[in-house]
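Trainee: Following this message is one structure expressed as structure tokens.
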Amino acid sequence: MRIAGAPISWGVCEVPGWGHQLTPERVLTEMRDVGLEATEFGPQGWLPEAPAERAAAISPYGLKAVGAFVPVVLHDPGHDPVPEVERELDSFEAAGGDVLVLAAATGQEGYDERPELDDDGWATLLANLDRLTEVTARRGIRASLHPHVGTMIEQRAEVLRVLEGSAVPLCLDTGHLLIGGTDPAELARDWAARINHVHAKDVRADLADSVRAGDLTYTEAVRRGIYVPLGQGDVDLASIVRDLAAAGFDGWYVLEQDTILGGAPDGEGPVGDVATSLAYLRSLAG
């Protein structure tokens, strides 16, 4: 089992006004010290964007690079997503990483509202997913589509439409799937062969229900603690790990406990929850 970290567990997020943003120096030091093997790059601009500088920012901490979460508009016929994805892939070649985690961005800021797609928008989105899968493969990188609350791929029917209508592999984000109405354990059983990357989250089902019902925005649910350390929520991570192992999964498990910080944390801060999740995930590996 290869286990990496993501800066969002330390409150580092691409959404404007999300909360206090910790420095790469603190986050990468704590990743190393807690025993993680690697990191995703975090939002664009958190680490240096120039490929060589990004590599230099990570290397002192002894961490491998997994790749990056990249929200990109895929449904607009007038927008070509390939150039911006190619620019991100340039940094992979210098800094490392072999997984491009794509999210079908709405084109709006944040994750609290999203438009509805018509059939033309769906056709464009699915075609772009296949294009980007090929673009990344030619450069030795694996694409992975991330169903995500507040993007064009959130609900169960949308996830299945992508799986049935394109060839893109899937990032199994156990939290976003559950919040969007998909049982991640069921998806891991039925579609294990399409899963090449995992964002390991645990979620409080009561708050997930409130988000789906429209009683809470996604951002407010994060503030209220919808994400909890692995093993303390309602995601059946044990069966997910078991079923993916049986299918020969060889990708990364990336620990993610989305967090909003009101300011610089007192005491140890978010790394305490990361340590708890890491110990739990390792216990499932046997």
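Trainee: Out of the DSSP beta bridges found with both residues in the chain, what percent are antiparallel (nearest 5)?
Mentor: Taking every DSSP beta bridge within the chain, about 5 percent pair in antiparallel fashion.
Trainee: Another question about this same structure. Could you go through the range 185-193 in sequence order and give the Karplus-derived ³J(HN,Hα) for each residue, using 6.51 cos²θ - 1.76 cosθ + 1.60 with θ = phi - 60°, rounded to whole Hz, and x for Gly and Pro?
Mentor: Rounded to whole hertz, the list is 5, 5, 5, 5, 5, 7, 10, 4, 5.
Trainee: Enter the accessible area per residue of the range 32-123 (Å², integer; probe 1.4 Å; all protein chains in place).
Mentor: That works out to 45 Å² for each residue.
Trainee: Taking a temperature of 4 °C and a viscosity of 1.567 mPa s, what whole-number D in µm²/s does Stokes-Einstein yield for the range 218-286 with Rh from Kirkwood over alpha carbon pairs?
Mentor: 95 µm²/s
Trainee: Scattering from the C-alpha atoms of the range 103-167 alone, worked out with Debye: what is log10 I(q)/I(0) at q = 0.11, 0.13, 0.22 1/Å?
Mentor: -0.26, -0.36, -0.96
Trainee: Sticking with this one: If you take the beta carbon distance between T23 and V82 as r and set R0 to 41 Å, what does 1/(1 + (r/R0)^6) give as a FRET efficiency, to the nearest 0.05?
Mentor: E between T23 and V82, to the nearest 0.05, is 0.80.
Trainee: Ignoring ligands, DNA and RNA, what percent of the 1.4 Å accessible area of the range 57-188 is carbon and sulfur?
Mentor: 46 percent
Trainee: Rounded to whole Å and ordered largest first, report the semi-axes of the equivalent ellipsoid of the range 1-152 derived from its Cα gyration tensor (root of 5λ).
Mentor: Each semi-axis is the square root of five times an eigenvalue, giving 28, 18, 13 Å.
Trainee: Relative to the present Cα-Cα distance, how much length would full extension add between D183 and E268 at 0.36 nm per residue of separation?
Mentor: The D183-E268 span can extend by a further 27.3 nm.
Trainee: While we're here: When only alpha-carbon atoms count, how far does the chain stretch along each of its three principal axes, as whole angstroms with the largest first?
Mentor: Its Cα atoms span 51, 44, 41 Å along the three principal axes.
Trainee: Could you derive backbone 3J(HN,Hα) for the range 47-62 from the dihedral phi with the Karplus parameters 6.51, -1.76 and 1.60 (θ = phi - 60°), listing whole Hz in sequence and x where the residue is Gly or Pro?
Mentor: 3J(HN,Hα) across the range 47-62, in whole Hz: 8, x, 7, 5, x, 5, 5, 5, 4, 5, 6, 8, 4, x, 9, x.
Trainee: A further question follows. Just how far, in whole angstrom, is the range 76-137 from the range 209-259 if you go by their alpha carbon centroids?
Mentor: So the separation of the two Cα centres works out to 23 Å.
Trainee: Of the accessible area of the range 1-48, with the probe set at 1.4 angstrom, what percent is carbon plus sulfur?
Mentor: 53 percent
Trainee: So how do 123-132, 42-51 stack up, highest first, on mean other-Cβ count within 10 Å?
Mentor: 123-132, 42-51
Trainee: Would you mind checking which residues have amide H under 5 Å from A200's amide H? H placed 1.01 Å from N; only 5 or more apart, or other chain.
Mentor: Those qualifying (amide H under 5 Å, at least 5 residues apart or on another chain) are V254, L255, E256.
Trainee: Still on this structure, please answer the following. Taking a probe of 1.4 Å, how large is the accessible area per residue of the range 184-286, in Å²?
Mentor: 43 Å²
Trainee: Taking amide H positions as placed in the peptide plane 1.01 Å from N, state which residues far from I153 in sequence (5 or more) or on other chains have amide H under 5 Å from it.
Mentor: So I153 has HN proximity to A104, H148.
Trainee: Find, to one decimal place in angstroms, the Kirkwood hydrodynamic radius of the range 135-212, where the mean of 1/r is taken over every pair of different Cα atoms and then inverted.
Mentor: 12.9 Å
Trainee: Which ³J(HN,Hα) values in Hz, rounded to whole numbers, follow from the phi angles of the range 217-223 under the Karplus curve 6.51 cos²θ - 1.76 cosθ + 1.60, where θ = phi - 60° and Gly and Pro get x?
Mentor: Once θ is set to phi - 60°, the couplings for the range 217-223 become 6, 4, 4, 5, 5, 5, 4 Hz.
The values are calculated or read from the model by the stated rules, or taken from the named source; none is laboratory data. Fair warning: this is a prediction, and the values are worked out from it, not measured in the lab. Ideal geometry is used to build each Cβ from the backbone, glycine not excepted, and the neighbour counts take in all protein chains shown. Each accessible area value is taken on the protein alone, full model and side chains, heavy atoms only, with ligands, DNA and RNA left out. Shrake-Rupley method; radii C 1.70, N 1.55, O 1.52, S 1.80 Å.
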